[in-house]
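Here's the structure we're looking at; comments come further down.
A short reminder: the numbers here are calculations on the coordinates, not readings from a lab. Given the structure is predicted, the values throughout are model-derived calculations rather than measurements. All Cβ positions, even for glycine, are placed from backbone atoms using ideal geometry, and neighbour counts span all protein chains on display.
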Amino acid sequence: MTKKFVLGIYDDEDVLLQAIENVRAAGTKIYEVFSPYPIHGIDDVLGVKRSRLPIVAFFCGLFGMSFALWMQIWMLGFDWPMIIGGKPHIALPAFIPVTFELTVLCSAFGMVITFFIVTKLKPSFKVNVFDKRSTDDKYVMAIEVKEGVTDISALNNLLRSNGAIEVNEKEVIK
Amino acid sequence: MTEERLIISRKTNNKFFLMIAIGVVLLIAGIIIAAMSGGHQAEGHGEAAAAGHEAAHWTKRLYMNLWLNNVYFTGIALVGVFFVAVQYVAYAGWSVLIKRIPEAMGYYLPIGGAVMLITFLLGGHDIFHWTHDYLYNQFLEDGVTPNPQYDPIIAGKAPYLNFWFFLIRMVAYFVLWILFFNWLRRNSINEDLHGGTDYYHKSIRISAMFLVVFGVTSSTSAWDWVLSIDTHWFSTMFGWYVFASWWVSGLAVITLAVIILKQNGYLKMVNANHLHDLGKFVFAFSIFWTYIWFSQFMLIWYANIPEESIYFIERLGGNGGHFKWIFFVNLLINFAFPFLVLMTRDAKRQMIMLKIVTIAILIGHWLDFYLMMMPGTLRTDAGIGFIEIGTTLIFLGVFLITFTKGLAKASLVPVNHPFVEESVHHHV
């Protein structure tokens, strides 16, 4: 199945940000914007929701902390109690470094793995590069053309009137 | 960029004076109560009075409070200068709009120096055990009889811990700190008047020099003023520990001052993004303080060598468990509370959350210094009563007066700072 996109090419960051605002105000849904580098404030104008990754990090960290404490208390307190340095079997201060490390490890790995899953990023992941110049010196705004729409002149006009230096069409196999 | 002048109204100033007045009243009331119950206490502690020459007296408690509060507030003032220096050396742009606040904190330093000098000269024997001459004489006056009070450990530290060297160091610290503070401040104000980037580049060089001075003096002053109270004890982490405590308290004061100024209609260009960065600072350095605290505690706890672990015994089960609650409150209020409350992004961007946390941290680190100083001096006679609250209020009032006076001397916005535009558009 193929999908048709209209691509507006921009060569100025500020023009792009203004264009995004105007295009969205005109009621057009923007599929994605590609830029060679992260642009400050683009999340706000695009209306991108805040990532929920920190919540994942918190719960993965909580899991890591509980796991580390349970592991050490069970191993050294119940499964194979040993007296080390004259300390009690369950000597909490001695468990803190391991607990800290496992908390950090679990929350970091949990975040990375979740990120891969959510973004479907895997070795076979195929990236649709709409316009290769978006990796060099141009910004590309992609708008999905609704099925059945053949006349894109309205979109063309909208993009051009908002400073696009070029407007292209592209069909992408989904 | 337009100037913004802080105007301290008579009403506000009167509030500060009222604070000092309440402090004085509480202090006097506390002293009267302590002096009246003094004889009674000596009865109850007959054993201690017989064993020691240092029966706890209200003067001792007063000197300890002066010392505690002065070390605390001097540290905060010093951290203000340190913060500015760090921002310069890091070529930081975000902090330019709030830079005048840490800068003005340094105005307390001369007062801190004077109070410290006077307190040491008057109450040195009450604060520092090592100042007693009899500890150093191996023999009594006849030259043959061994001196029962001779302390070979303290005598071994005499080349560093002696009255004159201590005094010279104290004066040197303050002279250096005030010198660098004035130097940075003068450049900053001249920049406002004349503009150009020369002042900026010069400030970076001054800051770099100050950081070297601060790196050494923050550690040595911590040994002198806090560690040497427990003269027998030693800890290689201690310089860091005191620095961490000062630093996070200073950051809390900066954040709190920014919020209060903003709520009173000043600092119009400061927004949630700047608060977010300050919040991150407070959050991160609360964890840093805990890290240092734990690094010191765990090694001593694990090795369990008597000469080291005595420090924590005095603060936990020792002294009749007198300080146990502060020991745990210290960890709760300075680690668990800021850690959990400031964890989310939204909390760091909200004034009310930051306000609650910074006030808690300021109380927490006052308790932290209390815990560093009181068990080694007042022992079970330590308490938190009228004397403590009164002295703290007096110091707080004086600090606020000097701080706001300093703030009002210059524009709140460093108008000609080369990075001021970057700070205005700061975005996280």
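Here are the numbers:
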item: Cα pair count fraction exceeding 22 Å, expressed as % - region B:217-347; result: 47 percent
item: Cβ-based charge dipole, the protein assembly as shown, positive-most Cα from B:59, A:36, B:82; result: A:36
item: For chain B, with +1 on Lys and Arg beta carbons and -1 on Asp and Glu, the positive-most of B:406, B:327, B:217 along the dipole; result: B:406
item: Dipole of the protein assembly as shown, positive end: most advanced residue of B:168, B:416, A:67 [Cβ charges, Cα centre]; result: B:416
item: Reference-scaled alpha-carbon Rg (2.2 N^0.38 Å with N residues) for the protein assembly as shown; result: 1.22
item: Chain B: most fluctuating residue of B:335, B:180, B:165 per GNM, C-alpha cutoff 10 Å; result: B:165
item: Angle between chain B longest axis and helix B:58-89 axis [Cα atoms, degrees, rounded to 10]; result: 30 degrees
item: Between 0 and 90°, nearest 10: helix B:198-225 axis offset from chain B longest Cα axis; result: 20 degrees
item: Taking the C-alpha atoms of chain B, convex hull volume expressed per residue in Å³; result: 142 Å³
item: Dipole magnitude (debye, nearest 20) for region A:1-62, charges at Cβ of Lys, Arg, Asp, Glu; result: 540 debye
item: At most 12 other Cβ within 10 Å, DSSP loop - trypsin sites (Lys or Arg not before Pro), region A:1-90; result: A:29, A:49, A:50, A:52
item: 0 to 90° range, to nearest 10: angle between helix B:109-127 axis and chain B longest Cα axis; result: 10 degrees
item: GNM result for chain A, Cα springs below 10 Å: residue of A:92, A:155, A:46 fluctuating most strongly; result: A:92
item: Region A:53-119: translational diffusion in µm²/s, Stokes-Einstein, Kirkwood Rh over Cα pairs, 37 °C, 0.692 mPa s; result: 256 µm²/s
item: Alpha-carbon radius of gyration plus Dmax, which is the widest Cα pair, for region B:202-241 in Å; result: 13.0, 44
item: P(r) histogram, all alpha-carbon pairs of region B:53-144 included - 10 Å bins from 0, percent; result: 15, 30, 22, 17, 11, 4, 1
item: Assigned charges on the beta-carbon of Lys, Arg, Asp, Glu; the protein assembly as shown dipole about Cα centre (debye); result: 1500 debye
item: Relative contact order for region A:53-119, counting Cα pairs under 8 Å that sit 6 or more residues apart, in percent; result: 56 percent
item: Length-normalised contact order of chain A in % [C-alpha pairs under 8 Å, at least 6 apart]; result: 55 percent
item: Sites matching chymotrypsin sites (Phe, Trp or Tyr not before Pro) across region B:85-120 that sit in DSSP coil, with at most 10 neighbouring C-beta atoms within 10 Å; result: B:91
item: P(r), alpha carbons of region B:87-216 - 5 Å bins starting at zero, rounded %; result: 2, 9, 14, 16, 12, 10, 8, 8, 7, 5, 4, 3, 2, 1, 0
item: Positive minus negative residues near residue B:317 (Lys, Arg vs Asp, Glu; Cβ under 14 Å); result: +2
item: For region B:385-399, 3J(HN,Hα) per residue [Karplus equation, 6.51 cos²θ - 1.76 cosθ + 1.60, θ = phi - 60°, Hz, x = Gly/Pro]; result: x, 4, 4, 5, 5, x, 4, 4, 5, 4, 4, 4, x, 5, 4
item: Axial C-alpha extent at least 27 Å, average Kyte-Doolittle at least -0.5 - helices from chain A (DSSP); result: A:53-73, A:92-119
item: Amide proton proximity set for residue A:32, modelled H, under 5 Å, gap of 5+; result: A:142
